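> My questions will all concern the structure given below.
The values are calculated or read from the model by the stated rules, or taken from the named source; none is laboratory data. Nothing here was measured: the structure is a model prediction, and the numbers come from that model. Neighbour counts run over all protein chains shown; Cβ positions are idealised from the backbone, glycine included.
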Amino acid sequence: MSVDPVELQVLTGALRAVCEEMGAVLIRSAHSANIKERRDASTALFDPAGQMVMQAEHIPVHLGAMPAAVAAVLAEEHAPDRSWILNDPYAGGTHLPDITVITPLFADERLIAFAASRAHHADVGGPTPGSMPADSRTLEDEGVVIPPRVLDEPAIAELSDQMRRPDQRRADLRAQLAAGRVGGHRLLELHERFGAAKLEDAFAEVLDYAERRTRACIEELDDGRYDARDVLEARDGDLEIALTATVHQDRLTLDFTGTAPQHEGNLNCPLAVTRSACYFAIRVLTDPDIPPSAGAYRPVEVIAPEGCLLNARSPAAVVGGNVETSSRVADVVLRAFGRALGQGTMNNVTLGSEDVVYYETIGGGQGACPDADGPGGVHVAMSNTLNTPIEALELEFPLRMTEYALRRGSGGAGAHRGGDGVIRELEALAPLSYSLITERRRHAPPGAHGGEDGQPGRNLLDGEELPAKAVGRLEKGQRLRIETPGGGGYGRPS
């Protein structure tokens with residue numbers, strides 16, 4: 001090691017603190033409820049070669065995929081105070097509402113790192129308010145596609161004017177720029193304190209340390225082949241995800257050959273999202289305290305044939321792939337290794353008009369563990385957001401919350417019981433369009449080792465059941481009710 005072990009821990013903590021402070025600045029500077037209340041945003045630091053050195057513990061589906069965004073601008077001409085923006089899923093993005101801003105960081109006129117943030121914007125244009133259509137077929141149906149480009153004030157104005165609530169979009173983009181600047185200031189302080197060589201060595205050592213710890217954890221798994229299958233609930237039928245996981249000494253291969261081909265709906269994934277879901281599952285299976293960096297993923301190979309659901313080709317629609325397919329990929333990996341599964345969906349609800357847009361994900365039950373019950377009413381797996389507080393929701397939007405409660409008894413029974421889902425019912429106080437992208441409505445979250453399945457979720461409009469993927473209109477006084485799935489139980493009930 002080129003860095004003393006104690007000093008390495010100090011620097012690791014300092015880099016993590018930089019990412020956390022970037023996230024705090026973004027959340028506290030943003031104007032939209034989706035970022036400032038739900039905290040649907042993430043921040044990370046990358047070395048000059050584009051390797052992720054550290055990330056804040058924010059949204060799993062953002063963070064594992066952000067390296068592709070940095071890679072998309074790596075070859076561009078970088079300069080101080082020149083930031084980049086993108087959301088194109090086939091050029092470093094995930095789905096269009098997730099906008100990434102990347103800021104190169106310089107010291108003594110030398111590129112030393114990149115600060116990156118990704119935030120889910122409440123609207124990015126397109127025909128559907130909220131830009132989360134359940135019935136999209138191509139990217140054009142989902143909003144404004146932003147290939148990698150310089151982000152400056154003219155770009156902010158041009159892009160925001162193509163979206164609903166341009167005042168909020170401008171404020172949220174500036175908040176992302178502010179987060180990048182704070183990351184630059186803090187990293188420059190570390191550069192001045194430790195010196196250029198020591199900081200560069202620390203970057204490399206963090207990556208190597210994370211790799212060593214991940215390899216040690218994989219070695220504790222039994223060598224062999226682990227198979228699992230599951231399905232996504234597309235509008236026109238089920239789509240299968242197939243996995244063969246192979247553990248060989250300190251390496252893990254996740255092969256999705258046999259998965260359904262990309263389809264005409266929006267449950268397709270760019271490869272970066274698939275990798276992100278796999279990396280989250282690996283953190284669950286190994287040790288969550290391993291520094292979250294590119295080094296932790298070096299022992300893992302992800303194989304997804306081009307043109308399949310998990311490695312789609314442009315211009316396939318992807319808005320549901322980022323939120324729902326990613327959840328199922330994580331489920332399949334965990335299922336292969338004998339885990340009970342959580343709700344397996346983000347329960348995406350989008351409500352809006354040309355004047356107001358509201359988006360949220362809703363928590364549910366987590367699967368039970370071998371030694372503990374699963375928690376209830378949590379945002380699990382690829383989501384890690386908060387709920388929108390009722391006070392904030394009713395203050396800003398023409399909505400009234402009529403019920404918000406745990407869905408008692410929805411978790412699967414077992415030696416350890418799965419967590420309970422959530423009931424969330426909204427009443428429209430003005431006409432609004434709605435779009436629902438949900439899962440686990442036809443198929444229940446499975447238990448493990450004799451544990452029972454959790455209850456599947458339900459979507460209802462004035463008591464009438466809606467499908468897992470639905471679009472429509474709420475008139476004043478109508479109520480939309482979402483009952484989220486419970487988690488699977490673990491072990492046979494006594």
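> Of all residues in the range 235-258, how many are over 18 Å from Ala281 (Cα atoms) and surrounded by 20 or more Cβ atoms within 10 Å (Cβ to Cβ)?
Summing the residues that are over 18 Å from Ala281 (Cα atoms) and surrounded by 20 or more Cβ atoms within 10 Å (Cβ to Cβ) in the range 235-258 gives 1.
> Another one. Among the residues of the range 242-252, are any over 17 Å from Thr345 (Cα atoms), of a type in the set (A, V, I, L, M) and part of a loop (DSSP other than H, G, I, E, B)?
no
> Run Glu427 past the list (1) part of a strand (DSSP E or B); (2) without any contact (Cβ under 8 Å) to a residue 40 or more places away in the chain and report the number of the one that doesn't hold.
(2)
> Residue pairs, Cβ under 9 Å, 6 or more apart or interchain, first in the range 193-209 and hydroxyl-bearing (Ser, Thr, Tyr), second outside any helix (DSSP H, G or I). List them.
Correct list of pairs: Tyr209/Met1; Tyr209/Ile290; Tyr209/Pro291; Tyr209/Ser293.
> Here are some residues: Thr325, Thr345. Which one is modelled with pLDDT of 95 or more and touching a Lys or Arg at 6+ places or on another chain (Cβ under 7 Å)?
It is Thr345.
So that you can scan it fast, the table gives a plain yes or no per residue for (1) acidic (Asp, Glu); (2) surrounded by fewer than 20 Cβ atoms within 10 Å (Cβ to Cβ); (3) free of Cβ contacts under 8 Å to residues at least 12 places away in the same chain:
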| position | (1), (2), (3) |
| --- | --- |
| Thr94 | no, no, no |
| Pro97 | no, no, no |
| Ile102 | no, no, no |
| Leu105 | no, no, no |
| Arg149 | no, yes, no |
| Pro154 | no, yes, yes |
| Asp161 | yes, yes, yes |
| Gln168 | no, no, no |
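> So, one more: So, of the residues in the range 432-447 that are surrounded by fewer than 24 Cβ atoms within 10 Å (Cβ to Cβ) and in contact with a strand residue (DSSP E or B) (Cβ under 7 Å, 6 or more places away or on another chain), which turns out to be farthest from Gly477 (Cα to Cα)?
His443
> Listed residues Ala171, Ala155, Ala134, Ala179; which is within 26 Å of Asn322 (Cα to Cα), modelled with pLDDT of 95 or more, not in a helix (DSSP H, G or I) and not charged (D, E, K, R)?
None of the others qualify; the one that does is Ala134.
> Under 9 Å between Cβ atoms, at least 6 apart or on separate chains: pull out the pairs that start in the range 15-29 with a residue that is farther than 16 Å from Ala113 by Cβ and touching a residue at least 12 places away in the same chain (Cβ under 8 Å) and end on any residue that is polar (S, T, N, Q) and part of a helix (DSSP H, G or I).
Sorted first by the residue in the range 15-29, then by its partner, the pairs are Leu26/Gln176; Ser29/Gln176.
> Please state which one of Asp453, Asp420 is surrounded by 20 or more Cβ atoms within 10 Å (Cβ to Cβ) and in contact with a Ser or Thr (Cβ under 7 Å, 6 or more places away or on another chain).
The unique qualifying residue is Asp420.
> In the range 456-494, how many are of a type in the set (Gly, Ala, Ser), crowded, with 24+ Cβ neighbours inside 10 Å and farther than 24 Å from Gly265 by Cα?
Adding up the residues that qualify gives 4.
> Could you say which residue among Val332, Val349 is in contact (Cβ under 8 Å) with a residue 60 or more places away in the chain and farther than 19 Å from Gln262 by Cβ?
Step by step, each of Val332, Val349 is checked, and only Val349 is in contact (Cβ under 8 Å) with a residue 60 or more places away in the chain and farther than 19 Å from Gln262 by Cβ.
> Give the residue that is surrounded by the fewest Cβ atoms within 10 Å (Cβ to Cβ), with candidates limited to residues of the range 384-417 that are closer than 24 Å to Gln168 by Cβ and among the hydrophobic types (A, V, I, L, M, F, W, C).
Leu395
> Can you go through Val101, Val61, Val53, Val124 and tell me which one is closer than 18 Å to Asn348 by Cα, aliphatic (A, V, I, L, M) and at pLDDT 95 or above? It would help to see each step written out before you state the result.
Numbers: Val101 fails: closer than 18 Å to Asn348 by Cα; Val61 fails: at pLDDT 95 or above; Val53 fails: closer than 18 Å to Asn348 by Cα.
Of Val101, Val61, Val53, Val124, the one residue that is closer than 18 Å to Asn348 by Cα, aliphatic (A, V, I, L, M) and at pLDDT 95 or above is Val124.
> Filter the range 39-50 for residues that are charged (D, E, K, R) and touching a strand residue (DSSP E or B) at 6+ places or on another chain (Cβ under 6 Å); which is modelled with the lowest pLDDT?
If we filter the range 39-50 for residues that are charged (D, E, K, R), which is where we start, we get 39-40, 47.
Those left that are additionally touching a strand residue (DSSP E or B) at 6+ places or on another chain (Cβ under 6 Å): 40, 47.
Numbers: Asp40: 91, Asp47: 97.
Filtering the range 39-50 for residues that are charged (D, E, K, R) and touching a strand residue (DSSP E or B) at 6+ places or on another chain (Cβ under 6 Å), the one modelled with the lowest pLDDT comes out as Asp40.
> While we're looking at this one, here's another question. Identify, please: which residue in the range 218-241 is part of a strand (DSSP E or B) and free of Cβ contacts under 8 Å to residues at least 60 places away in the same chain and is, among those, nearest to Ser276 (Cα to Cα)?
Result: Glu240.
> Residues that are closer than 22 Å to Arg174 by Cα: list the strands (runs of 3 or more DSSP E) wholly contained in the range 33-114 that include at least 3 such residues.
The qualifying strands (runs of 3 or more DSSP E) are 41-46, 83-86, 98-107.
> Which condition from (1) aromatic (Phe, Trp, Tyr); (2) over 25 Å from Ala210 (Cα atoms); (3) crowded, with 24+ Cβ neighbours inside 10 Å is the one that Tyr90 breaks?
The one condition Tyr90 does not meet is (3).
> Taking the range 183-197 on its own, how many of its residues are crowded, with 18+ Cβ neighbours inside 10 Å and of a type outside the set (A, V, I, L, M, F, W, C)?
4
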